[in-house]
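The values are calculated or read from the model by the stated rules, or taken from the named source; none is laboratory data. Quick caveat: nothing in here was measured; it's all calculated off a predicted structure. Neighbour counts are summed over all protein chains in view; Cβ atoms, including those assigned to glycine, are modelled from backbone coordinates with ideal geometry. The protein model used for the area step is the full one, side chains on, heavy atoms only, and it has no ligands, DNA or RNA in it. Shrake-Rupley method; radii C 1.70, N 1.55, O 1.52, S 1.80 Å.
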Amino acid sequence: MAGDEMDYEALAQRLSDPDTEVQGIGTALHGADAAAAGRSFLLREFGSDEAIEAALRPGRPKVGQRQSAGPSPTVRGRISEQEYQAFNDLIRETGKGQSALVREAVHLLLQRHHKIAS
């Protein structure tokens with residue numbers, strides 16, 4: 001092994017061996033010291049309090065906008081049983097969910113009618 005290269009096989013063997021004792025690095029932190037160290041780590045990783053809050057926000061991001069208020073617009077419609085079966089086949093074939101495919105279909109339709117740029 002040359003220079004700074006990591007021997008991943010040896011590392012995997014050591015980490016998966018139940019007889020190998022886990023050794024900490026440095027002093028264990030507790031209470032306010034642990035909280036301060038965790039906050040410092042998050043600020044280094046995310047850069048700001050706003051970025052941390054955005055990363056910790058529960059739920060999925062809003063469709064189309066990261067900072068929008070309220071739920072994303074919803075489009076609903078009925079289709080024939082034959083179209084529904086074909087749609088489910090497409091879901092299985094593509095691995096995409098219903099929402100992703102409906103968004104793609106609406107996008108393509110809007111492009112075709114020159115309502116949005118290609």
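What pairs come out if I take residues in the range 62-78 that are under 16 Å from His107 (Cα atoms) and among the hydroxyl-bearing types (Ser, Thr, Tyr) and pair them with residues that are modelled with pLDDT under 75 and open to solvent by less than 100 Å² (accessible area, probe 1.4 Å) whose C-beta lies under 9 Å away, six or more apart or interchain?
Ser72/Lys62; Ser72/Val63; Ser72/Gly64
Across the range 80-92, what is the total count of residues that are exposed (fewer than 10 other Cβ atoms within 10 Å of the Cβ) and either within 14 Å of Ala105 (Cα to Cα) or of a type in the set (D, E, K, R) (or both)?
So the answer is 2.
From the list Ala100, Ala54, pick out the single residue that is among the small types (Gly, Ala, Ser), at pLDDT 85 or above, surrounded by 10 or more Cβ atoms within 10 Å (Cβ to Cβ) and not in a loop (DSSP other than H, G, I, E, B).
Selected residue: Ala100, the only one of Ala100, Ala54 that is among the small types (Gly, Ala, Ser), at pLDDT 85 or above, surrounded by 10 or more Cβ atoms within 10 Å (Cβ to Cβ) and not in a loop (DSSP other than H, G, I, E, B).
With respect to Ile116, is the statement that it is surrounded by 10 or more Cβ atoms within 10 Å (Cβ to Cβ) and part of a loop (DSSP other than H, G, I, E, B) true?
yes
Going by what's in this entry, would Pro73 be described as modelled with pLDDT under 90, out of contact with any Lys or Arg (no Cβ under 8 Å at 6 or more places or on another chain) and surrounded by 12 or more Cβ atoms within 10 Å (Cβ to Cβ)?
The answer is no for Pro73.
For the subset of the range 1-47 comprising residues that are surrounded by 10 or more Cβ atoms within 10 Å (Cβ to Cβ) and of a type in the set (Ser, Thr, Tyr), which member is nearest to Pro71 (Cα to Cα)?
Here the residue is Ser40.
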